Amino acid sequence: MQSNHRPIDLKLKEICDAFRIQGTYVSHEEIKVGNVNRTFKVNYRQAGGRAKSYMIQRINTYAFRQPVLVMENIDKVTEHIRAKRPDKVALHFHHTVERKNYVSDADGFWRLFNYVPSATYNTTDNLTVIRNAGEAFGEFQALLEDFSVEQLHYTIPDFHDTRKRYAKLKEDVAADPLGKAAEARREIDWLLSVEDRACTLTDMYNRGELPLRVTHNDTKINNVLFDERTDKALVVIDLDTVMPGLVGHDFGDAIRFAANFVEEDSPEAEKAGVNMEVFRAFTEGFLKQTASTLTEREIGTLALSCFALACELAGRFLDDYLLGSPYFNIDYPEHNLVRTRCQVALAKDMLQKMEAMEAVVRECAGGKNAAD
């Protein structure tokens with residue numbers, strides 16, 4: 001990439017200077033992970049010849065329309081976590097002389113943070129890794145338990161308001177602008193038949209029965225960095241979607257992604273379902289960190305949250321399909337319909353296994369569970 005026809009090395013060095021990085025710029029490499037932001041690893045030589053690396057990202061301001069608010073949320077959350085565990089690995093975003101953790105210029109919106117040597121996993125059957133990921137996301141919740149969630153911006157309004165997601169789906173089914181609803185009638189009818197159950201968490205929050213917490217909102221295992229030798233979790237990354245939310249949003253989305261027998265866009269929807277070994281491993285790690293900080297009612301929603309998030313995403317995929325797929329990236333015209341069918345199959349299996357999932361949650365929580 002070149003910015004305004006200048007070599008990218010010059011641009012990256014300019015960004016490092018703005019963030020007051022000391023030493024001599026040596027080289028860079030582009031990190032080809034993620035589908036949203038553009039990421040570079042920048043290598044420096046500091047005093048005494050010591051090597052030091054940093055990560056620079058150019059934020060996709062089409063995906064994140066309010067990047068300053070995103071960075072304000074990240075700044076508050078990362079500084080709080082670093083203060084709570086100063087002796088452990090933490091994300092550290094550097095600041096300019098004006099105390100901003102971003103640089104906005106004609107070439108884009110940029111941020112810089114320390115590089116952490118580590119391993120990542122997109123998918124894995126290793127139950128130790130999955131348990132450690134659950135513990136990492138649980139620790140993220142626990143460390144922020146005393147953080148005032150009112151300090152955070154809603155950078156994506158109504159992100160997990162399942163009622164509003166359903167209302168949008170029904171509106172677009174009725175309009176059917178591209179004539180696609182008939183092909184998806186079976187999925188539409190099933191999703192509408194479970195609307196009330198899928199919306200349970202949203203309804204409970206609206207009745208004042210569940211507290212808002214700091215939520216990550218993208219709890220995939222590849223958003224945890226692991227020690228390369230021990231597979232111990234080091235730190236949770238990718239905080240662009242940190243917002244106020246419900247604990248079930250993070251737990252349910254993690255299970256929806258990690259515990260499915262197949263990929264979320266598998267054309268073999270009949271093979272979709274909850275891997276209970278993975279469910280147990282993640283739950284053990286998550287509740288090891290959070291059981292003492294969550295209310296009984298919150299713990300009582302965790303198993304159901306997995307079903308709610310699977311239905312919510314199925315509805316989002318389906319709605320996008322009906323509109324010609326303007327939101328989610330697709331590889332072929334029916335991609336979002338395939339995704340919908342896979343999530344619906346997963347949600348159906350979750351209903352069949354709900355009692356077993358609830359039993360695992362109760363066990364892992366040490367008996368602390370909502371009777372109501």
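The values are calculated or read from the model by the stated rules, or taken from the named source; none is laboratory data. A quick note: this is a predicted structure, and the numbers were derived from the prediction, not measured. Please note: Cβ atoms are built from the backbone with ideal geometry, for glycine as well, and neighbour counts cover all protein chains shown. With ligands, DNA and RNA removed, areas are computed over all heavy atoms of the protein, side chains included. Shrake-Rupley method; radii C 1.70, N 1.55, O 1.52, S 1.80 Å.
General remarks:
- The label point for L351 and the one for K32, both projected 7 Å from the Cα toward the Cβ, are 4.2 nm apart.
- Of the residues L318, L178, L192, the one that moves most in a GNM of the chain with alpha-carbon contacts below 10 Å is L178.
- At 1.306 mPa s and 10 °C, Stokes diffusion of the chain via Kirkwood alpha-carbon radius, µm² per second: 73
- With a Förster radius of 51 Å applied to the C-beta separation of K170 and A119, the computed FRET efficiency comes to 0.70.
- D203, D196, ranked by accessible area, largest first (probe 1.4 Å): D196, D203
- Between N43, N275, N206, the residue with the greatest mean-square fluctuation in the GNM of the chain (Cα pairs under 10 Å linked by springs) is N206.
- Surface accessible to a 1.4 Å probe, per residue, for the residues of the chain, Å²: 46
- 10 Å binning of all Cα-Cα separations within segment 1-123, expressed as whole percents from 0 upward: 12, 42, 38, 8, 0
- Anisotropy class of segment 60-209 from Cα gyration tensor, a/c 1.5 cut: prolate
- Overall form of segment 172-273 per C-alpha gyration tensor (a/c, 1.5; a/b vs b/c): oblate
- For segment 288-372, the set of chymotrypsin sites (Phe, Trp or Tyr not before Pro) satisfying both a DSSP loop assignment and a count of at most 16 other C-beta atoms within 10 Å is given as Y327, F328.
- Cα gyration tensor, segment 85-143 - rounded (a/c under 1.5), prolate or oblate: prolate
- Seen from all directions on average, segment 158-203 presents a Cα convex hull projection of 3.4 nm².
- Within the chain: Cβ-based charge dipole about Cα centre, in debye rounded to nearest 20 (Lys, Arg +1; Asp, Glu -1): 1160
- Inter-label distance for L178 and L212, nm, one decimal - labels placed 7 Å from Cα along Cα-to-Cβ: 3.5
- Residue-span extension gain [R185 to S148] - 0.36 nm each, minus C-alpha spacing: 8.9 nm
- The mean sequence distance of close C-alpha pairs (under 8 Å, at least 6 residues apart), as a share of the length of the chain, puts its relative contact order at 17 percent.
- Its Cα gyration tensor gives segment 238-292 an equivalent ellipsoid. The semi-axes, each the square root of 5 times an eigenvalue, are 23, 16, 8 Å from largest down.
- Eigen-decomposition of the gyration tensor built on the alpha-carbon atoms of segment 273-372 gives equivalent ellipsoid semi-axes of 32, 13, 12 angstrom, largest listed first.
- Reducing segment 175-250 and segment 1-80 to their Cα centroids gives an inter-centroid distance of 29 Å.
- Solvent exposure of M354, expressed as accessible area, is near 10 Å², computed with a probe of 1.4 Å over the protein chains only.
- Accessible surface of the chain [probe 1.4 Å, protein heavy atoms]: carbon and sulfur percent: 48
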